[in-house]
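The values are calculated or read from the model by the stated rules, or taken from the named source; none is laboratory data. Given the structure is predicted, the values throughout are model-derived calculations rather than measurements. Neighbour counts run over all protein chains shown; Cβ positions are idealised from the backbone, glycine included. These area figures cover heavy atoms from the full protein model, side chains too; ligands, DNA and RNA do not enter into them. Shrake-Rupley method; radii C 1.70, N 1.55, O 1.52, S 1.80 Å.
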Amino acid sequence: MDIEELQTFVEVAETGGISQAARRLGVSKSIVSRRLFRLESELGIQLLARTTRGAALTEAGVTFRAYAARACAEIELAKETILPAGDLRGRLRISAPVSFGSTHFTPVIAEMARRHPHLHIHTCYSDHVVDLIAGGYDCAIRLGYLEDSSLIARRVGTVHGTVVASPDYIRAHGAPETPEELLAHQALLQGTEAWQFMDGNKIITVRPQGRFKADNGTALVAAAIAGLGIGMLPSGLIDEYLVSGALVSVMTRYPVRPGGAYVIRPPGQHPVQKVRLLTELLIEYFDNNLHFPEISH
């Protein structure tokens, strides 16, 4: 059974369509269709039901997908094992946060591409938590507090956050001094996230409310400067505004609970070499350059 046929089927299953799979594989739609036809002919069973919206897995396709994905992963691991040390090839798909991805993580990813000229790296920047398996990602870089998950995580650094408001907001509404008082204020949110603070060794968790929400930290910084509420924001995004006085730190008696930066990957017996090397490069970057601020989720 042709490994390219298996890989093509897995890509179509993950993306939900022939066009999307063709883009990710870097081949034409006709090549994808031919590979799928040959695979189904060899098996003697239909794996995909073609629709106007794409391609849906049949019952047999759902079962076969797990085995095909495992076989492709084993072949990838075998190829990496016999390659010279550090010689990475193939493709690495990464999900990274937009707020810091383009400025902080891109230099690390670019350095990895420089060191491994035969490796194709595709990075998707979004502050949304993507489905790694459905999206076909090898790994994701995530910041904040790690939630329980079937995914495998490796901590690569510590991140920090600061609670801030504009002087205009404080003059109009006052500044909270405790986490409980925060609940009476307008919070600037990414979603329905919980904010966690430290009281000595004790962790205090609150779920603030607010009418202004945005899906990235840069927009929340702008809202805080405009006086729309109180934000728990990444230090790297607000340092200049704290210096200029456009924003003021509040609740300093209760520091934000330190979070982490993580490399997340789908479950598997062994991490592929390219994910392992990216993880090591990020750890080196954190250790030798800077502390990243926190983005809570």
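Could you point to the label whose value was computed as semi-axes √(5λ) of the Cα gyration tensor in Å for the structure here, given (i) 27, 25, 15; (ii) 35, 23, 18; (iii) 44, 21, 16? Here the calculated entry is (iii). Among the aspartates and glutamates, select those whose C-alpha is under 20 Å from the C-alpha of K79, and discard any that sit fewer than 8 residues away in the same chain. The reachable aspartates and glutamates, counting only those whose Cα sits under 20 Å from K79, are D2, E4, E5, E11, D87, D138. For the range 228-248 versus the range 1-79, the inter-centroid distance based on Cα atoms is 48 Å. Hey, with R₀ at 35 Å, roughly what FRET efficiency would H118 and I170 work out to, going by the Cβ-Cβ distance, to 0.05? The value I calculate is 0.05. Modelled spin-label separation between A110 and R23, with each label point placed 7 Å from Cα along the Cα-to-Cβ direction: 2.4 nm.
Of the trypsin sites (Lys or Arg not before Pro) in the range 1-87, the ones in a loop by DSSP (not H, G, I, E or B) with at most 13 other beta carbons within 10 Å are R53. Placing a pseudo-label 7 Å from each Cα along the Cα-to-Cβ vector at D287 and T192 gives an inter-label distance of 4.0 nm.
To the nearest 0.05, what FRET efficiency results for T81 and H160 with a Förster distance of 51 Å applied to their C-beta separation? With a Förster radius of 51 Å, E is 0.85. What is the local net charge at V27, summed over the other residues whose Cβ is closer than 15 Å to its Cβ (Lys, Arg +1; Asp, Glu -1)? It works out to a net charge of +3. How large, in percent, is the carbon and sulfur part of the accessible surface of the chain at a probe radius of 1.4 Å? Ligands and nucleic acids excluded, carbon and sulfur give 53 percent.
In the context of the full set of protein chains, residues of the chain present 51 Å² of accessible surface per residue (probe radius 1.4 Å, heavy atoms only).
Computed about its Cα centre, the charge dipole of the chain is approximately 640 debye, with only Lys, Arg, Asp and Glu carrying charge at their Cβ. Note on the chain: dipole from Cβ charges, positive end direction compared against F212, W195, I170; the farthest Cα belongs to F212. Dipole orientation for the chain: of the candidates L36, A69, T158, L36 has the Cα lying most toward the positive pole (charges on Cβ; Lys, Arg +1; Asp, Glu -1). Model label sites at E180 and I204, defined 7 Å from Cα along the beta-carbon direction, differ in position by 0.9 nm. When the helices of the chain are scored as -39500 (n - 2.57) per DSSP H run of n ≥ 4 and the total is divided over every residue, the value at 222 nm lands at -12000 deg cm²/dmol.
Taking a ≥ b ≥ c as the square roots of the Cα gyration tensor eigenvalues, the range 179-284 comes out prolate, since a/c reaches at least 1.5 and a/b is larger than b/c.
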